[in-house]
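Structure first, commentary second.
The values are calculated or read from the model by the stated rules, or taken from the named source; none is laboratory data. As the structure is a prediction and not an experimental result, all values here were calculated from the model. Here Cβ is always computed from backbone atoms with ideal geometry, including for glycine, and neighbour counts include all displayed protein chains. We work out accessible area using only protein heavy atoms, side chains counted, and drop any ligands, DNA or RNA first. Shrake-Rupley method; radii C 1.70, N 1.55, O 1.52, S 1.80 Å.
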Amino acid sequence: MKKVLLACLEHAPGINPPEFSIEYLNFYLPLLQIKNVEIDFFPLDKVNVLGGRQISLELKSFLERKKFDLLIIVSFYHNLDKKIFQEIKERKLTETLAIFFDEDTDLYQRSLSWAPYLDHLITFYPPAYQEYKKRGYNVLGMDWFVNREFYNPGIRHQESGVNDIDVSFIGSAKPERKKLVEKIKRAGINIQTWGVGWPNGPVNFKQMIDIFRRSKINLNLGMGKSIWRWQTPFRIFFSPAKNKFGLKLNLKNIVGNWKTIINRRQPQCRARPFEIMACRAFVLTNSNAPLFGDFQDGENIAFYRNEKDLIAKIKYYLTHDAERKAIANRAYQKIIKENSAVVCWENILSKVVR
(Lines give C-alpha, C1' and ligand atoms only; values in the text may rest on other atoms or scores of the structure.)
Protein backbone atom coordinates (compact mmCIF):
# COMPACT_ATOMS: atom_id res chain seq x y z
CA MET A 1 0.00 0.00 0.00
CA LYS A 2 1.53 3.30 -1.15
CA LYS A 3 1.05 6.36 1.04
CA VAL A 4 0.45 9.74 -0.59
CA LEU A 5 0.06 13.15 1.03
CA LEU A 6 -1.85 15.81 -0.91
CA ALA A 7 -1.29 19.47 0.01
CA CYS A 8 -3.75 21.95 -1.49
CA LEU A 9 -6.46 24.45 -0.65
CA GLU A 10 -9.50 22.89 0.96
CA HIS A 11 -11.77 25.87 0.37
CA ALA A 12 -11.99 28.33 -2.49
CA PRO A 13 -10.57 31.71 -1.38
CA GLY A 14 -12.84 34.71 -1.01
CA ILE A 15 -16.15 32.82 -1.25
CA ASN A 16 -18.81 33.17 1.45
CA PRO A 17 -20.38 30.86 2.45
CA PRO A 18 -17.30 28.64 2.06
CA GLU A 19 -17.22 25.96 -0.60
CA PHE A 20 -14.64 23.40 -1.59
CA SER A 21 -11.84 24.51 -3.90
CA ILE A 22 -11.45 23.24 -7.44
CA GLU A 23 -8.28 21.45 -6.30
CA TYR A 24 -10.13 19.67 -3.49
CA LEU A 25 -12.95 18.57 -5.83
CA ASN A 26 -10.83 17.59 -8.84
CA PHE A 27 -7.71 16.25 -7.15
CA TYR A 28 -8.28 15.15 -3.56
CA LEU A 29 -11.68 13.46 -3.83
CA PRO A 30 -10.77 11.43 -6.96
CA LEU A 31 -7.49 10.35 -5.32
CA LEU A 32 -9.54 8.70 -2.58
CA GLN A 33 -10.94 6.34 -5.22
CA ILE A 34 -7.55 4.99 -6.33
CA LYS A 35 -6.98 1.40 -5.27
CA ASN A 36 -3.89 0.38 -3.29
CA VAL A 37 -3.11 3.99 -2.37
CA GLU A 38 -3.60 5.53 1.07
CA ILE A 39 -4.33 9.26 0.82
CA ASP A 40 -3.78 11.86 3.54
CA PHE A 41 -4.57 15.56 3.32
CA PHE A 42 -2.68 18.72 4.35
CA PRO A 43 -4.63 21.99 3.87
CA LEU A 44 -2.79 25.07 2.62
CA ASP A 45 -5.60 27.50 3.38
CA LYS A 46 -3.62 29.44 6.01
CA VAL A 47 -0.57 30.11 3.84
CA ASN A 48 -1.46 33.80 3.45
CA VAL A 49 -2.02 34.15 7.21
CA LEU A 50 0.90 32.18 8.62
CA GLY A 51 3.28 32.79 5.75
CA GLY A 52 5.08 30.43 3.40
CA ARG A 53 7.93 29.57 5.75
CA GLN A 54 5.68 28.57 8.65
CA ILE A 55 3.46 26.44 6.39
CA SER A 56 6.60 24.80 4.95
CA LEU A 57 7.85 24.00 8.45
CA GLU A 58 4.49 22.50 9.43
CA LEU A 59 4.45 20.45 6.24
CA LYS A 60 7.97 19.14 6.91
CA SER A 61 6.97 18.25 10.48
CA PHE A 62 3.96 16.36 9.14
CA LEU A 63 6.22 14.42 6.77
CA GLU A 64 8.56 13.56 9.66
CA ARG A 65 5.74 12.23 11.84
CA LYS A 66 4.10 10.13 9.13
CA LYS A 67 6.07 8.43 6.38
CA PHE A 68 4.86 9.01 2.81
CA ASP A 69 5.97 7.72 -0.57
CA LEU A 70 4.88 10.89 -2.33
CA LEU A 71 3.96 14.48 -1.49
CA ILE A 72 1.71 16.16 -4.07
CA ILE A 73 1.46 19.95 -3.94
CA VAL A 74 -1.42 21.35 -5.96
CA SER A 75 -1.99 24.99 -6.84
CA PHE A 76 1.64 25.45 -5.93
CA TYR A 77 2.47 28.37 -3.65
CA HIS A 78 5.65 30.05 -4.79
CA ASN A 79 6.10 31.77 -1.43
CA LEU A 80 6.80 28.45 0.27
CA ASP A 81 10.35 28.07 1.61
CA LYS A 82 12.84 26.59 -0.86
CA LYS A 83 15.42 25.83 1.84
CA ILE A 84 12.91 23.62 3.65
CA PHE A 85 12.02 21.81 0.44
CA GLN A 86 15.71 21.33 -0.24
CA GLU A 87 15.99 19.71 3.20
CA ILE A 88 13.00 17.47 2.44
CA LYS A 89 14.72 16.37 -0.75
CA GLU A 90 18.19 15.88 0.77
CA ARG A 91 16.82 13.91 3.74
CA LYS A 92 14.62 11.89 1.39
CA LEU A 93 11.60 12.38 3.61
CA THR A 94 9.49 11.72 0.54
CA GLU A 95 9.41 12.29 -3.20
CA THR A 96 7.65 15.46 -4.29
CA LEU A 97 5.28 16.19 -7.17
CA ALA A 98 4.21 19.78 -7.84
CA ILE A 99 1.33 20.76 -10.09
CA PHE A 100 1.97 24.20 -11.54
CA PHE A 101 -0.86 26.50 -12.66
CA ASP A 102 -0.69 29.66 -14.79
CA GLU A 103 2.53 28.73 -16.56
CA ASP A 104 2.06 31.24 -19.36
CA THR A 105 2.87 33.91 -16.77
CA ASP A 106 4.67 31.99 -14.00
CA LEU A 107 7.12 29.75 -15.87
CA TYR A 108 10.02 32.20 -16.16
CA GLN A 109 8.93 34.33 -13.21
CA ARG A 110 8.64 31.65 -10.51
CA SER A 111 8.21 27.99 -11.48
CA LEU A 112 11.58 27.27 -13.08
CA SER A 113 13.36 28.53 -9.96
CA TRP A 114 11.46 25.88 -7.96
CA ALA A 115 12.10 22.92 -10.25
CA PRO A 116 15.52 21.94 -8.72
CA TYR A 117 13.87 21.46 -5.31
CA LEU A 118 11.23 19.01 -6.59
CA ASP A 119 11.33 15.48 -7.96
CA HIS A 120 8.41 15.58 -10.42
CA LEU A 121 6.41 18.31 -12.12
CA ILE A 122 3.04 18.48 -13.86
CA THR A 123 2.18 21.29 -16.25
CA PHE A 124 -0.91 22.00 -18.33
CA TYR A 125 0.98 24.28 -20.73
CA PRO A 126 2.84 22.70 -23.68
CA PRO A 127 5.53 25.43 -23.98
CA ALA A 128 6.34 24.93 -20.28
CA TYR A 129 6.54 21.17 -20.79
CA GLN A 130 9.07 21.68 -23.60
CA GLU A 131 11.16 24.04 -21.43
CA TYR A 132 11.23 21.64 -18.46
CA LYS A 133 12.18 18.71 -20.71
CA LYS A 134 14.93 20.76 -22.33
CA ARG A 135 16.40 21.43 -18.89
CA GLY A 136 16.25 17.78 -17.86
CA TYR A 137 13.45 17.88 -15.27
CA ASN A 138 11.00 15.03 -14.70
CA VAL A 139 7.82 16.55 -16.07
CA LEU A 140 4.43 15.27 -17.16
CA GLY A 141 2.38 17.33 -19.59
CA MET A 142 -1.37 16.91 -19.63
CA ASP A 143 -4.65 18.69 -20.17
CA TRP A 144 -6.95 19.54 -17.28
CA PHE A 145 -8.85 16.68 -15.73
CA VAL A 146 -12.20 16.80 -13.97
CA ASN A 147 -14.11 14.91 -11.32
CA ARG A 148 -16.99 13.28 -13.16
CA GLU A 149 -19.08 13.18 -10.00
CA PHE A 150 -19.33 16.97 -9.92
CA TYR A 151 -19.18 17.83 -13.61
CA ASN A 152 -21.84 15.62 -15.12
CA PRO A 153 -24.63 16.17 -17.61
CA GLY A 154 -27.44 15.64 -15.12
CA ILE A 155 -30.67 16.20 -16.98
CA ARG A 156 -30.04 16.31 -20.70
CA HIS A 157 -30.91 19.98 -21.16
CA GLN A 158 -30.28 19.75 -24.88
CA GLU A 159 -33.05 17.18 -25.14
CA SER A 160 -35.40 18.58 -22.50
CA GLY A 161 -35.60 22.01 -24.12
CA VAL A 162 -34.41 24.11 -21.18
CA ASN A 163 -31.46 25.78 -22.93
CA ASP A 164 -32.83 29.20 -21.99
CA ILE A 165 -29.48 31.04 -22.18
CA ASP A 166 -28.24 31.79 -25.68
CA VAL A 167 -24.63 32.69 -24.85
CA SER A 168 -22.91 32.80 -21.46
CA PHE A 169 -19.53 33.73 -20.07
CA ILE A 170 -18.32 33.14 -16.51
CA GLY A 171 -15.11 34.88 -15.49
CA SER A 172 -13.75 38.17 -14.20
CA ALA A 173 -14.63 41.35 -16.08
CA LYS A 174 -11.21 42.29 -17.39
CA PRO A 175 -11.12 45.39 -19.66
CA GLU A 176 -10.46 43.40 -22.85
CA ARG A 177 -13.31 41.04 -22.03
CA LYS A 178 -15.71 43.94 -21.44
CA LYS A 179 -14.86 45.39 -24.84
CA LEU A 180 -15.37 42.03 -26.53
CA VAL A 181 -18.70 41.42 -24.78
CA GLU A 182 -19.91 44.85 -25.91
CA LYS A 183 -19.02 44.00 -29.50
CA ILE A 184 -20.94 40.73 -29.19
CA LYS A 185 -23.97 42.61 -27.89
CA ARG A 186 -23.76 45.18 -30.71
CA ALA A 187 -23.88 42.28 -33.15
CA GLY A 188 -27.39 41.55 -31.85
CA ILE A 189 -26.40 38.54 -29.72
CA ASN A 190 -27.98 37.94 -26.33
CA ILE A 191 -25.04 37.22 -24.03
CA GLN A 192 -25.16 36.96 -20.24
CA THR A 193 -22.07 37.29 -18.06
CA TRP A 194 -21.20 36.36 -14.48
CA GLY A 195 -18.12 36.93 -12.34
CA VAL A 196 -16.31 39.63 -10.42
CA GLY A 197 -16.95 43.00 -12.08
CA TRP A 198 -20.08 42.03 -14.04
CA PRO A 199 -23.56 43.30 -13.02
CA ASN A 200 -24.72 39.71 -12.32
CA GLY A 201 -21.80 39.25 -9.93
CA PRO A 202 -19.97 35.99 -9.14
CA VAL A 203 -21.65 32.61 -8.86
CA ASN A 204 -20.98 29.60 -6.66
CA PHE A 205 -20.01 26.17 -7.98
CA LYS A 206 -23.55 24.80 -8.21
CA GLN A 207 -24.80 27.90 -10.01
CA MET A 208 -21.89 27.72 -12.45
CA ILE A 209 -22.69 24.13 -13.40
CA ASP A 210 -26.35 25.09 -13.89
CA ILE A 211 -25.35 27.93 -16.22
CA PHE A 212 -23.16 25.58 -18.27
CA ARG A 213 -26.04 23.19 -18.75
CA ARG A 214 -28.61 25.87 -19.57
CA SER A 215 -26.43 27.67 -22.13
CA LYS A 216 -26.58 26.95 -25.82
CA ILE A 217 -23.08 28.38 -26.14
CA ASN A 218 -20.55 28.73 -23.30
CA LEU A 219 -17.71 31.10 -24.11
CA ASN A 220 -14.15 30.73 -22.88
CA LEU A 221 -12.36 34.04 -23.40
CA GLY A 222 -8.73 33.14 -22.70
CA MET A 223 -7.38 36.09 -24.59
CA GLY A 224 -3.76 36.34 -25.68
CA LYS A 225 -1.70 39.46 -25.07
CA SER A 226 -0.05 41.32 -27.92
CA ILE A 227 3.66 42.10 -27.69
CA TRP A 228 2.96 45.63 -28.84
CA ARG A 229 1.29 47.01 -25.72
CA TRP A 230 2.22 50.02 -23.62
CA GLN A 231 2.90 47.68 -20.69
CA THR A 232 5.61 45.75 -22.58
CA PRO A 233 8.61 47.91 -21.53
CA PHE A 234 7.58 47.53 -17.89
CA ARG A 235 7.09 43.78 -18.26
CA ILE A 236 10.64 43.42 -19.63
CA PHE A 237 12.39 45.15 -16.73
CA PHE A 238 9.95 44.46 -13.90
CA SER A 239 8.65 41.26 -12.29
CA PRO A 240 5.47 40.72 -10.24
CA ALA A 241 5.76 41.63 -6.55
CA LYS A 242 3.55 41.95 -3.50
CA ASN A 243 3.70 45.71 -3.07
CA LYS A 244 1.41 48.63 -3.83
CA PHE A 245 2.67 48.74 -7.43
CA GLY A 246 2.47 44.98 -8.04
CA LEU A 247 5.91 45.13 -9.69
CA LYS A 248 9.58 45.30 -8.78
CA LEU A 249 12.67 46.09 -10.84
CA ASN A 250 14.36 42.82 -11.82
CA LEU A 251 17.21 43.26 -14.26
CA LYS A 252 18.40 39.68 -13.63
CA ASN A 253 15.33 38.23 -15.34
CA ILE A 254 15.11 40.36 -18.49
CA VAL A 255 15.33 37.28 -20.73
CA GLY A 256 12.72 35.44 -18.68
CA ASN A 257 10.44 38.46 -18.68
CA TRP A 258 10.71 38.70 -22.46
CA LYS A 259 9.93 35.01 -22.85
CA THR A 260 6.87 35.51 -20.64
CA ILE A 261 5.67 38.25 -22.98
CA ILE A 262 6.11 35.86 -25.90
CA ASN A 263 4.23 33.08 -24.09
CA ARG A 264 1.28 35.31 -23.34
CA ARG A 265 0.46 35.46 -27.03
CA GLN A 266 -0.52 31.81 -26.54
CA PRO A 267 -2.32 31.84 -23.18
CA GLN A 268 -2.50 28.65 -21.16
CA CYS A 269 -5.84 26.90 -21.42
CA ARG A 270 -7.36 26.88 -17.94
CA ALA A 271 -9.88 24.42 -16.54
CA ARG A 272 -13.01 26.14 -17.86
CA PRO A 273 -13.37 24.46 -21.30
CA PHE A 274 -12.92 21.02 -19.69
CA GLU A 275 -15.48 21.82 -16.98
CA ILE A 276 -17.98 22.81 -19.66
CA MET A 277 -17.36 19.76 -21.83
CA ALA A 278 -17.68 17.48 -18.80
CA CYS A 279 -21.24 18.80 -18.42
CA ARG A 280 -22.04 17.74 -22.01
CA ALA A 281 -22.32 21.43 -22.80
CA PHE A 282 -21.07 23.30 -25.85
CA VAL A 283 -17.93 25.44 -25.54
CA LEU A 284 -16.55 28.02 -27.95
CA THR A 285 -12.98 28.91 -27.01
CA ASN A 286 -9.92 30.73 -28.33
CA SER A 287 -7.77 28.79 -30.78
CA ASN A 288 -4.37 30.17 -29.73
CA ALA A 289 -4.19 28.27 -26.42
CA PRO A 290 -2.00 25.17 -26.96
CA LEU A 291 -3.37 21.83 -25.78
CA PHE A 292 -1.85 18.36 -25.38
CA GLY A 293 -4.91 16.42 -26.50
CA ASP A 294 -6.43 15.96 -29.94
CA PHE A 295 -9.19 18.54 -29.95
CA GLN A 296 -10.51 19.27 -33.42
CA ASP A 297 -12.54 22.32 -34.37
CA GLY A 298 -16.09 21.29 -35.22
CA GLU A 299 -15.49 17.72 -34.07
CA ASN A 300 -15.30 17.78 -30.26
CA ILE A 301 -14.82 21.50 -29.58
CA ALA A 302 -15.28 24.82 -31.36
CA PHE A 303 -12.49 27.36 -31.75
CA TYR A 304 -12.55 31.02 -32.77
CA ARG A 305 -9.55 32.79 -34.32
CA ASN A 306 -10.42 36.45 -33.78
CA GLU A 307 -13.31 38.73 -32.84
CA LYS A 308 -14.93 38.58 -36.28
CA ASP A 309 -14.71 34.80 -36.33
CA LEU A 310 -16.09 34.61 -32.78
CA ILE A 311 -19.23 36.57 -33.65
CA ALA A 312 -19.71 34.62 -36.87
CA LYS A 313 -19.44 31.27 -35.09
CA ILE A 314 -21.80 32.33 -32.30
CA LYS A 315 -24.43 33.19 -34.90
CA TYR A 316 -23.77 29.96 -36.78
CA TYR A 317 -24.04 27.61 -33.83
CA LEU A 318 -27.10 29.38 -32.42
CA THR A 319 -28.92 28.40 -35.61
CA HIS A 320 -27.47 24.89 -35.99
CA ASP A 321 -28.83 23.08 -32.95
CA ALA A 322 -28.20 19.51 -34.08
CA GLU A 323 -24.57 20.20 -35.02
CA ARG A 324 -23.94 22.03 -31.76
CA LYS A 325 -25.41 19.22 -29.66
CA ALA A 326 -23.43 16.58 -31.57
CA ILE A 327 -20.15 18.43 -30.89
CA ALA A 328 -21.04 18.75 -27.19
CA ASN A 329 -21.83 15.04 -26.99
CA ARG A 330 -18.58 13.98 -28.68
CA ALA A 331 -16.65 16.34 -26.38
CA TYR A 332 -18.29 14.76 -23.35
CA GLN A 333 -17.43 11.25 -24.49
CA LYS A 334 -13.80 12.29 -25.01
CA ILE A 335 -13.57 14.00 -21.61
CA ILE A 336 -14.96 11.08 -19.59
CA LYS A 337 -12.60 8.71 -21.38
CA GLU A 338 -9.38 10.74 -21.39
CA ASN A 339 -9.76 13.54 -18.84
CA SER A 340 -11.53 11.84 -15.97
CA ALA A 341 -9.66 12.67 -12.75
CA VAL A 342 -9.55 9.07 -11.50
CA VAL A 343 -8.11 7.81 -14.81
CA CYS A 344 -5.54 10.62 -14.93
CA TRP A 345 -4.45 10.12 -11.31
CA GLU A 346 -3.98 6.40 -11.89
CA ASN A 347 -1.75 7.25 -14.84
CA ILE A 348 0.23 9.85 -12.87
CA LEU A 349 0.83 7.63 -9.86
CA SER A 350 1.92 4.71 -12.04
CA LYS A 351 4.69 6.96 -13.39
CA VAL A 352 5.93 8.67 -10.23
CA VAL A 353 5.29 6.31 -7.30
CA ARG A 354 7.86 3.53 -7.19
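Taking all protein chains into account, the per residue accessible area for segment 56-213 stands at 45 Å² (1.4 Å probe).
Ordered from largest to smallest accessible area (heavy atoms of protein chains, 1.4 Å probe), the residues Asp309, Asp166 come out as Asp166, Asp309. Apply 1/(1 + (r/R0)^6) to the Cβ-Cβ distance of Gln130 and Asp164, taking R0 = 41 Å, and write down the FRET efficiency to the nearest 0.05. Once rounded, the FRET efficiency stands at 0.40. Calculated on C-alpha atoms, the gyration radius of the chain divided by its Kirkwood radius gives an Rg/Rh of 0.97.
Placing +1 on the Cβ of every Lys and Arg and -1 on the Cβ of every Asp and Glu, with nothing else charged, gives the chain a dipole about its Cα centre of roughly 1000 debye. Phi angles across segment 324-334 convert, under the Karplus curve 6.51 cos²θ - 1.76 cosθ + 1.60 with θ = phi - 60°, into 3J(HN,Hα) values of 4, 5, 5, 4, 4, 5, 5, 4, 4, 4, 5 Hz, Gly and Pro given as x.
Largest accessible area first, the listed residues Glu38, Glu103, Glu64 line up as Glu38, Glu64, Glu103 when surface is computed with a 1.4 Å probe on the assembled protein chains. For Lys67, give me every one of the aspartates and glutamates with a C-alpha distance below 13 angstrom, ignoring sequence neighbours fewer than eight places off in its own chain. Those aspartates and glutamates meeting the cut-off are Glu38, Asp40, Glu95.
What residues of segment 327-341 lie in the reach of a label at Lys351, counting those whose backbone N is under 14 Å from a point 7 Å from the Cα along Cα→Cβ? Only 339 pass the distance filter.
Here the label points at Lys46 and Asn16, each 7 Å from Cα along the C-beta direction, are separated by 2.1 nm in the simple model. Over segment 1-64, the reciprocal of the mean inverse Cα-Cα separation, the Kirkwood hydrodynamic radius, stands at 12.8 Å.
To put it simply, the accessible area of the chain at a 1.4 Å probe is 52 percent carbon and sulfur. DSSP loop GluC sites (Glu not before Pro) in segment 282-330 with at most 13 other Cβ atoms within 10 Å of their Cβ, which ones? Those that pass, being in a loop and sparsely packed, are Glu299. Remark: segment 14-83 carries a charge dipole of roughly 300 debye about the Cα centre, counting +1 on each Lys and Arg Cβ and -1 on each Asp and Glu Cβ. Using the 1.4 Å probe convention, the accessible area of segment 263-351 works out to 42 Å² per residue with neighbouring protein chains retained. Considering all alpha-carbon pairs of segment 49-151, what whole percent are spaced by more than 16 angstrom? Taking all Cα-Cα pairs of segment 49-151, the fraction more than 16 Å apart is 58 percent. Accessible area per residue was computed with a 1.4 Å probe on protein heavy atoms; His11 scores about 60 Å².
Choose one of Phe282, Ile39, Val181: the residue whose Cα lies farthest towards the positive end of the charge dipole of the chain (beta-carbon charges +1 Lys, Arg; -1 Asp, Glu; about the Cα centre). Looking along the dipole axis, the top candidate is Val181. Here the label points at Glu64 and Leu318, each 7 Å from Cα along the C-beta direction, are separated by 6.3 nm in the simple model. Stokes-Einstein, applied to the Kirkwood radius of segment 32-94 over Cα pairs at a viscosity of 1.306 mPa s and 10 °C, places its translational diffusion at 126 µm² s⁻¹. Ligands, DNA and RNA excluded, the heavy atoms of Lys174 present near 90 Å² of accessible surface to a 1.4 Å solvent probe.
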